[in-house]
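Take a look at the structure set out below.
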């Protein structure tokens, strides 16, 4: 993240030499952006928990740092600093690693008290955020600072699928946590710094946070509730992006 901020600062310094007379336009705009999406909270955890002391982690997401790309826009109320804002973004938060699969297999083996446990995983976290909300802007010559609150939805295209096989007395028993394509409520907020490059063109550095109580997860072939059982995967993402905005 530090490298990302340094690069952004260099770009700002370079363009400033060519845009000495540019001022932030107090007008509506739309933009494009891309950057890093970092899982937080339960979404980022990668532990099974402890069956013996009852601390099984049903909500650990095993999500990884990935990327986000998207479109952004704000429409200002006439002659005010308030705007109605909207963001549509796509995120990829990776897939489970071999270490994650081993963690799950060992956890289920202990929880069920069987001879062996094995886990196979496929698919990855891919989702779309659609968020809207109010924005308030502070203007300082070539710069603007925007503060925004958001509500909307997360549409999941896929979540990791997990196929678990536990074996006891040479008898295998298999169950699965299926990939989810559900939609869930989302909320968050952002703060960004806009720098005017020209009359209608600007550069935007943004910090964004999005969270959701979770998308529904379907489990198959479960005959009891032993071990980890995730039925609603919470999602939370902290994003650092760099983009361009275009006034209209």
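Quick note: the coordinates plus some simple rules give every number you see, no bench work behind them. Nothing here was measured: the structure is a model prediction, and the numbers come from that model. A quick note on method: Cβ atoms are made from the backbone with ideal geometry, for glycine too, and the neighbour counts reach across all protein chains shown.
The alpha carbons of the range 86-161 give a radius of gyration and a Dmax of 20.9, 69 Å, in that order.
Look at 175, 143, 43 and count the other Cβ atoms within 10 Å of each Cβ; fewest to most, that gives 143, 175, 43. Modelled label positions at residue 32 and residue 120, each set 7 Å beyond Cα in the direction of Cβ, lie 4.0 nm from each other. The label-point distance for residue 248 and residue 176, in a model that sets each label 7 Å from Cα toward Cβ, rounds to 4.4 nm.
The ranking of 64, 45, 199 by Cβ neighbour count inside 10 Å, starting from the fewest, reads 199, 45, 64.
Taken over the C-alpha atoms, the range 135-241 has Rg and Dmax values of 21.8, 75 angstrom.
With contributions of -39500 (n - 2.57) from each DSSP H run of at least four residues, the per-residue ellipticity at 222 nm computed over the chain stands at -4000 deg cm²/dmol. Could you state the angle between the C-alpha long axis of helix 98-112 and the longest principal axis of the C-alpha atoms of the chain, as a value from 0 to 90 degrees rounded to the nearest 10? Once rounded, the angle reads 40 degrees.
Multiplying the residue separation of residue 40 and residue 153 by 0.36 nm and removing their Cα-Cα distance gives an extension gain of 38.9 nm. Under 19 Å from a point placed 7 Å out from the Cα of residue 58 along the Cα-to-Cβ direction: which residues of the range 104-126 have their backbone N that close? Label zone hits: 104-105, 107-113.
Report, to the nearest 10°, how far helix 2-16 tilts away from the longest principal axis of the Cα atoms in the chain, using its own Cα long axis and a range of 0 to 90°. Roughly 20 degrees between the two axes.
Using just the alpha carbons, could you tell me how many Å³ per residue the convex hull of the chain encloses? Could the numbers behind the result be given before it?
Values: hull volume 29.1 nm³, N = 248.
Spread over its residues, the Cα hull of the chain gives 117 Å³ apiece.
As a proxy for reagent exposure, ranking 123, 206 by other Cβ atoms within 10 Å from fewest up yields 123, 206. Model label points for residue 209 and residue 71, set 7 angstrom from Cα along the Cα-to-Cβ axis, are 2.8 nm apart. Roughly how many Å is it from the Cα centre of the range 186-203 to that of the range 92-131, as a whole number? Here the two parts' Cα centres lie 37 Å apart. Residues in the range 114-153 near a label at residue 169, defined as backbone nitrogen under 11 Å from the 7 Å Cα→Cβ point? Nothing falls inside the zone, counting backbone N under 11 Å.
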